[in-house]
Amino acid sequence: MSSTEQTPRPARLAAAAAVAGIEALGLVAGGVYMLVDALTRTSGDVTGALTGAVTLVALGLIPLAAARGLWLRRSWSRGPAVITQILALPVAWQMLQADSAMIPAGVVLGVLAVAGLVLLVNPATTEALGIRRPGQEA
């Protein structure tokens, strides 16, 4: 195999990129929904809703960048992806505490976060990203 050819992308790495991408899409979609809701409602705290919408869209850029980096096998992308998964766990827990339609969304988010963490710490993913484990020689 020549140096210009790359080994196939491990399925676990592709799945981790997909999980991060799904989370990014969820955050951006939530932000867009809040933005449209804030602009079309006639009463309420429009400034707070706009701030929340912009925040969600901005936060969606982090897992989006991580998903792209994972797909392109950039070692830096694992850190933001892991942090996103860790931050998603308490959000999912809070969603599960609600008495509303947020419970199914909390289940989905929790499953995605745990699956993402498992995929990101998997040795095949670590190796594909070129990250050395402690004690591993260069």
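The values are calculated or read from the model by the stated rules, or taken from the named source; none is laboratory data. Everything numeric here is computed off the predicted structure, so don't read it as measured data. Reconstructed Cβ throughout: ideal geometry from the backbone, glycine too, with neighbour counts over all protein chains shown. These accessible areas exclude ligands, DNA and RNA; they are computed on the full protein's heavy atoms, side chains included. Shrake-Rupley method; radii C 1.70, N 1.55, O 1.52, S 1.80 Å.
Just a few scattered comments:
- Ranking VAL54, ALA29, ALA128 by Cα position along the charge dipole of the chain, where only Lys, Arg, Asp and Glu carry charges on their C-beta atoms, puts ALA128 farthest toward the positive end.
- Once the Cα atoms are used to define both axes, helix 102-121 deviates from the longest principal axis of the chain by about 20 degrees.
- For the chain, the Kirkwood hydrodynamic radius comes to 16.4 Å, computed from all pairs of different C-alpha atoms.
- Split the chain at each of the trypsin sites (Lys or Arg not before Pro) in a DSSP loop with at most 13 other beta carbon atoms within 10 Å, and the longest piece is 42-131.
- Ligands, DNA and RNA are left out, and with a 1.4 angstrom probe the accessible area of the chain is 63 Å² per residue.
- Rounded to the nearest 20, the size of the Cβ-charge dipole of the chain about its Cα centre is 420 debye, with Lys and Arg at +1 and Asp and Glu at -1.
- Label-to-label distance for GLN97 and ALA58 is 2.5 nm, based on points extended 7 Å past Cα in the beta-carbon direction.
- For the chain, the fraction of 1.4 Å probe accessible surface lying on carbon and sulfur atoms is 68 percent.
- Proximal charge balance of ALA16 [Cβ under 14 Å; K/R count +1, D/E count -1]: +4
- Length gained when the stretch THR40-LEU25 is fully extended (0.36 nm per residue, less Cα-Cα span): 3.2 nm
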